[in-house]
1. What whole number of Å gives the distance from the Cα centroid of the range 1-18 to the Cα centroid of the range 67-106?
2. Using a Förster distance of 22 angstrom, determine the FRET efficiency expected from the C-beta separation of K102 and I73, and round it to 0.05.
3. Which residue, L88, L35, L19, tops the fluctuation ranking in a GNM of the chain built on C-alpha contacts under 10 Å?
4. Using the Kirkwood radius over C-alpha pairs as Rh, can you work out the diffusion coefficient of the range 25-106 via Stokes-Einstein at 20 °C, viscosity 1.002 mPa s, in µm² per second?
5. Tell me, what is the per residue accessible area of the range 1-82 in Å², probe radius 1.4 Å?
6. How far, in nm, would the chain grow between I5 and A89 when pulled straight, counting 0.36 nm per residue and subtracting the alpha carbon separation?
7. Of F85, F39, F49, which is the most mobile in a GNM of the chain whose springs link Cα atoms less than 10 angstrom apart?
8. Can you run phi through the Karplus equation (6.51, -1.76, 1.60; θ = phi - 60°) for the range 80-92 and list ³J(HN,Hα) in whole Hz, with x for Gly and Pro?
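The values are calculated or read from the model by the stated rules, or taken from the named source; none is laboratory data. Quantities reported herein were computed from a predicted structural model and do not represent experimental measurements. In this analysis, Cβ positions are derived from the backbone assuming ideal geometry, glycine residues included, and neighbour counts consider all displayed protein chains. Quick note on the areas: whole protein, heavy atoms, side chains included, nothing else; ligands and nucleic acids left out. Shrake-Rupley method; radii C 1.70, N 1.55, O 1.52, S 1.80 Å.
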Amino acid sequence: MNSWICLIIAGIFEMLWVLSLELSDGFSKIKYILLTIVFMIISIVLLSFSFETIPMGTAYACWTAIGAIGVIIIGMLFLNESTSFVRLAFIAMVVIGIVGLKLTTA
């Protein structure tokens, strides 16, 4: 599988484990605890596959950004988190940084 595809899917699973962690209610709901663990393992395994052709620092930065941006967007859409212009501008800067890393990776 293409390293960048692995990395994107790993970032999606990172987002999923963060969301399931939130839903675990302080690790008090076993279903969400188990989902968190499964999603974490899948995310880390896929991240490690991406290291085959993507430099570790680039892969890690992209992985965390995909997860963070995904969680922020879900928070804005479903959890009534702020959608201020300034917040959106900083999210855009992260996206620009990820695109820049992709474009400068051999």
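1. 16
2. About 0.70, to the nearest 0.05.
3. L88
4. Details: Rh = 14.7 Å.
Reported coefficient: 146 µm²/s.
5. On the way: 4760 Å² over 82 residues.
It amounts to 58 Å² per residue over the range 1-82.
6. On the way: separation 84, 0.36 × 84 = 30.24 nm, distance 2.61 nm.
Roughly 27.6 nm would be gained on extension.
7. F85
8. 6, 7, 4, 10, 4, 4, 4, 4, 5, 5, 5, 4, 4
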